[in-house]
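Beneath this line is the structure, given in structure tokens, with notes to follow.
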Amino acid sequence: MSDIVLELKNVNRVFGQGDTKVQALDNVTFSVKRGEFLLIVGSSGSGKSTLLNMIGLLDKPSSGQVFIDGTNTTKLSDNKISAFRNSKLGFIFQFSNLLADLTVLENVMLPRNIQRTDQNAQKQAIELLRSVGLENQMHKRANKVSGGQAQRAAIARGLINHPAIVLADEPTGNLDSVTAETVIQLMKSMAKKLNQTFVIVTHDRHQFGEVDRIITIKDGRAFEGEDVPPKMELTV
Amino acid sequence: MDYRVQLAKRMLSNKKGSLIGAVLAVSIGILVIHVNFVIFQGLYDAIVRDLSSYRFGDVLVTDEESFITKSDIFLVNWFERIPYVEAATPRVQSSAAINVTKNGKLIEEFRVPVIGVDPFRDPRVSTAHETVTDGQYVFSRNSVVVGSRVVSDLGNIKVGDSLQIKITDRRGEDQIRRFIVTGIVTSPGGQGLDSEIIMHIDSLRDMLDRDGETGEILVKLNDPDKASDVKNYFLRTFPNDEFKAETIEESAEAALSGFRSGIAMINMIGYFGMMSSAFAVVTIQMMLVSSKTREVGVMRAIGAKRKDILIIFIVQGMMIGALGAGLGTAMGLGYTFYAKETKMTFAGSIPLEVSYDWEKVIQTALMAFSLAVIASIYPSYKATKLQPVEAMRYV
């Protein structure tokens, strides 16, 4: 198994054309090692969410390639992309995005149900909920738990399929500082415990404290570290 | 349970307003068809029932040219040997000029249809005798029973009054006789012999100078479904007698063909109503899809395929269809039961002939269910077209 779990090669994303053309991502190239806890930071409108959408296979690059766990995802069909997202990626959104019609436990089991590998799904989901401290809330409807609890459940949902990468888009953006700290610590501990790769997009780098690695996005270009050297493009 | 079915069920049950609206739309479409069926098919069947009971029997035998010359006793006995036949009776029909005198004074004279019946055999075949509201049915050669409309035309004559009847015989000569009114008939809905005068068959034969001849033989069956068999058997047995035999549907064809077209039209309106309820389902399903845009986006993001999303919303359509069809059928059967138990009448007169047509009940329920599912296809397809990134912007 390769040590590189994510690799972007010359990824460009252009929206619009002519006078309205916007270069959201500009020749982004970097790779991520298995087990890394990576922050992608940048100001609003810098292109970091667009980058996350590329990594999450929610959007396709205008040019360039995205490799996940050694697979070139840019050539996959819609159905294969869905299956790939399900098995290789875990998602944590800003607003947890649990399905309100299901219980917390059912939400955590959902990726397994979609994958049709229901065997032990409930047992594993309960174990994960226990590890994020939600064993007492698992039978509650998802819209009946607090924002912090919902986000912890979303972390459990993101992990249930043992994905190659867990992608988090402003996971603390909707939480108070105390709850945000709890969620961050939970993600860090899970990353260590499971040797799980986390790619987290945030505009608030300081909330996360010590992390393995930081990539800064500015004007659609990716730079290693927090400080953006003038004219220096990222190479890894 | 498959997660898609479970999710469809939860999504629907958590949108109770939409669910109730959609289910009612489907069920009311079905109810309209059931009500139409009870009223209009019930009315049609009631008219057939009354025509059979009062005028035609289940099988009506006449002569293609004129009167039946074969012995009526022979024919009646022949029919009554068939196991399916309950009874048979001869009748003669003509028209007469009548006048009524009251206290020796002529009130009026006009023409009315006259029916000659066998007082002993006719009550076994026809229910005309049950419509006597005053006095009694024909029992002797010099008695007549008068229909209620004739009674009012004649200035409200009463039982016991005498009536002068003038009939032109086969040679063109007028035969005049005086009869005693022994009964008055009034039928619900006026489908009976309310516009006729009923007399002893032999009296009418005498006046027509058609001794031993018969106008028609009415045959009543134990099982009306065997009418065609009995008719065909009769025609095969007497191939050279120029008999004409008709089932009740054939006898009543002229009277009911227009009515049948009317029923078809009313049914068509019912089915259009059902189709409009399908549009309601489309609208409600579109609203449901629209309200679940974010959920669709999340599901797509975590790996659900377009097919999975399609199945969720199609299953919702199936649930709406099943619930609507169930409720509509229950309401329709409830109305049918009520109509049957209360012997519902049409416009307060003719009692409807209410029946449970299970084939039609199942057909209507299946059609409503199918329409609800078909109506869900477009909204479901729209849901599959939602891109995860776009969908999740609806937070």
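The values are calculated or read from the model by the stated rules, or taken from the named source; none is laboratory data. It should be emphasised that the depicted structure is a prediction, and the values quoted were computed from it without experimental measurement. So basically every Cβ, Gly included, is an ideal-geometry build from the backbone, and we count neighbours across all protein chains shown. Heads up: the accessible areas ignore ligands, DNA and RNA and are worked out on the full protein's heavy atoms, side chains in. Shrake-Rupley method; radii C 1.70, N 1.55, O 1.52, S 1.80 Å.
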ask   = Got a number for the accessible area of B:ASP357? Probe 1.4 Å, square angstrom, nearest 10.
value = 60
inquiry  = So, taking all protein chains as they sit and a 1.4 Å probe, how much accessible area belongs to B:GLU64, in Å² rounded to tens?
reply    = 110
ask   = How much length, in nm to one decimal, is gained on full extension between B:ASN232 and B:ILE20, taken as 0.36 nm per residue of separation minus their Cα-Cα distance?
value = 70.9 nm
remark   = Here, B:GLU359 and B:SER290, labelled 7 Å along Cα→Cβ, have an inter-label distance in nm of 4.4
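Would you kindly work out the equivalent ellipsoid of chain B from its C-alpha gyration tensor and give its semi-axes, the square roots of five times the eigenvalues, largest first in whole Å? Can you show the working numbers first?
Values: eigenvalues 844, 100, 43 Å².
They are 65, 22, 15 Å, listed from largest to smallest.
If packing is taken as the average count of other Cβ atoms within 10 Å, what order do A:14-21, A:203-210 fall into, highest mean first? Intermediate values should be presented prior to the final figure.
Details: A:14-21: 8.9, A:203-210: 13.1.
Result, highest mean Cβ count within 10 Å first: A:203-210, A:14-21.
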ask   = Can you give the angle from 0 to 90° between the axis of helix A:121-131 and the longest principal axis of chain A, with both taken from C-alpha atoms, to the nearest 10?
value = 80
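Report D for the stretch B:66-241 in µm² per second (integer): Stokes-Einstein, Kirkwood Rh on Cα pairs, 4 °C, 1.567 mPa s. Don't jump to the answer; show the numbers that get you there.
Numbers: Rh = 17.0 Å.
In µm²/s, the coefficient is 76.
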task = May I ask you to list the chymotrypsin sites (Phe, Trp or Tyr not before Pro) in the stretch B:46-134 that are in a DSSP loop and have at most 13 other Cβ atoms within 10 Å of their Cβ?
result = B:PHE120
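Considering only protein heavy atoms and a 1.4 Å probe, what is the carbon-and-sulfur percentage of the accessible area of the stretch B:292-343?
On the way: 1340 of 1890 Å².
Within the stretch B:292-343, the accessible surface is 71 percent carbon and sulfur.
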Burial of 30 Å² or greater, the stretch B:1-36 residues [accessible area, probe 1.4 Å, versus chain by itself] = B:TYR3, B:LEU7, B:ARG10, B:ASN14
remark   = Cross-link reach from B:LYS305 to lysines, straight Cα distance under 22 Å and at least 8 residues apart if same chain, gives A:LYS60, A:LYS75, A:LYS80, A:LYS88, B:LYS9, B:LYS292, B:LYS382, B:LYS385
query = By how many degrees, between 0 and 90 and to the nearest 10, does the Cα long axis of helix B:253-291 differ from the longest principal axis of chain B?
reply = 10
task = For an R0 of 35 angstrom, estimate the FRET efficiency from the Cβ-Cβ distance between A:LYS192 and A:ALA83 and round to the nearest 0.05.
result = 0.75
key: Sites excluded, trypsin sites (Lys or Arg not before Pro) in DSSP loops with at most 14 other C-beta within 10 Å, longest stretch of chain B   = B:172-342
Accessible area (Å², per residue) of chain B, counting only protein heavy atoms and a probe of 1.4 Å = 45
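When the Kirkwood radius is taken over all Cα pairs of chain A, what Stokes-Einstein diffusion coefficient follows at 37 °C and 0.692 mPa s, in µm²/s?
Details: Rh = 18.2 Å.
Result for D is 181 µm²/s.
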ask   = What accessible area, summed over both chains, is buried at the B-A interface (1.4 Å probe, Å², nearest 100)?
value = 2300
ask   = Which ³J(HN,Hα) values in Hz, rounded to whole numbers, follow from the phi angles of the stretch B:232-240 under the Karplus curve 6.51 cos²θ - 1.76 cosθ + 1.60, where θ = phi - 60° and Gly and Pro get x?
value = 5, 4, 4, 5, 5, 6, 10, x, 9
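From largest accessible area down, sort B:HIS129, A:HIS139; use a 1.4 Å probe on the protein chains. Kindly include the intermediate steps, with their values, before the conclusion.
Values: B:HIS129 55, A:HIS139 135 Å².
Of B:HIS129, A:HIS139, the descending order of accessible area is A:HIS139, B:HIS129.
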task = Averaged over every viewing direction, what's the projected area of the C-alpha convex hull for the protein assembly as shown? Give it in nm², one decimal, please.
result = 44.2
query = Where in the stretch B:299-324 does accessible area fall by at least 40 Å² between the isolated chain and the complete protein assembly, at a 1.4 Å probe radius?
reply = B:ARG300, B:ALA301, B:ILE302, B:GLY303, B:LYS305
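When you look at the Cβ of every residue in A:153-160, what mean number of other chain Cβ atoms sits within 10 Å?
The per-residue average across the peptide is 1.
Taking all protein chains as present, what is the carbon and sulfur share of the accessible area of the stretch A:4-224, in % to the nearest whole number, probe 1.4 Å?
Working: 4140 of 9100 Å².
Answer for the stretch A:4-224 is 45 percent, counting heavy atoms of protein chains only.
Starting from the Cα-Cα distance between B:ASN99 and B:GLN164, subtract it from 0.36 nm times their residue separation and give me the gain in nm to one decimal. Before the final figure, lay out the partial values.
Numbers: separation 65, 0.36 × 65 = 23.40 nm, distance 0.54 nm.
Full extension of this stretch gives 22.9 nm more.
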query = For the stretch B:329-340, what does the Karplus curve 6.51 cos²θ - 1.76 cosθ + 1.60, with θ = phi - 60°, yield as ³J(HN,Hα) per residue in whole Hz, taken in order and with x for Gly and Pro?
reply = 5, 4, 5, x, 5, x, 5, 4, 4, 4, 4, 6
task = Could you sort out which of A:LYS123/A:LYS188; A:LYS9/A:LYS218; B:LYS244/B:LYS360 sit more than 28 Å apart by Cα distance in this structure?
result = B:LYS244/B:LYS360
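I'd like the FRET efficiency for B:ASN222 and B:ILE374, computed as 1/(1 + (r/R0)^6) with the beta carbon distance as r and R0 of 41 Å, rounded to 0.05. Walk me through the intermediate numbers first.
Values: r = 45 Å, r/R0 = 1.11.
Approximately 0.35, to the nearest 0.05.
Which value in deg cm²/dmol, rounded to the nearest 500, describes the helix-derived mean residue ellipticity at 222 nm for chain A, given -39,500 (n - 2.57) per DSSP H run of n ≥ 4 and division by the residue count?
-9500 deg cm²/dmol
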query = Mind checking the angle between helix B:358-384 and chain B's longest principal axis? C-alpha axes, 0 to 90 degrees, to the nearest 10.
reply = 20
ask   = By a straight-distance test (C-alpha under 12 Å), which aspartates and glutamates pair with A:LYS48 as possible cross-link partners, with residues fewer than eight away in the same chain excluded?
value = A:ASP26, A:ASP169, A:GLU170, A:ASP219
request  = Divide by every residue of chain B the summed helix terms, -39500 (n - 2.57) for each DSSP H run of at least 4, and state the resulting mean residue ellipticity at 222 nm, rounded to the nearest 500 deg cm²/dmol.
outcome  = -16000 deg cm²/dmol
ask   = How are the Cα pair distances of the stretch B:226-287 distributed, in percent, across 10 Å bins from 0?
value = 18, 23, 19, 16, 13, 8, 3, 0
key: In range of the label at B:SER152: residues from the stretch B:123-140 whose backbone nitrogen is under 12 Å from the point 7 Å along Cα→Cβ   = none
Pair-distance profile P(r), taking every C-alpha pair of the stretch B:1-89, with 5 angstrom steps and integer % = 3, 10, 10, 11, 9, 7, 7, 6, 6, 5, 5, 6, 5, 4, 4, 1
request  = Starting at the first residue of the stretch A:78-83, write each ³J(HN,Hα) from the Karplus equation 6.51 cos²θ - 1.76 cosθ + 1.60 with θ = phi - 60°, in whole Hz, x for Gly and Pro.
outcome  = 4, 5, 5, 4, 4, 5
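Could you work out what % of the accessible surface of the stretch B:26-126 is carbon and sulfur, using a 1.4 angstrom probe and leaving DNA, RNA and ligands out of the count? Before the final figure, lay out the partial values.
Numbers: 2200 of 4090 Å².
In the stretch B:26-126, the share of accessible area belonging to carbon and sulfur is 54 percent.
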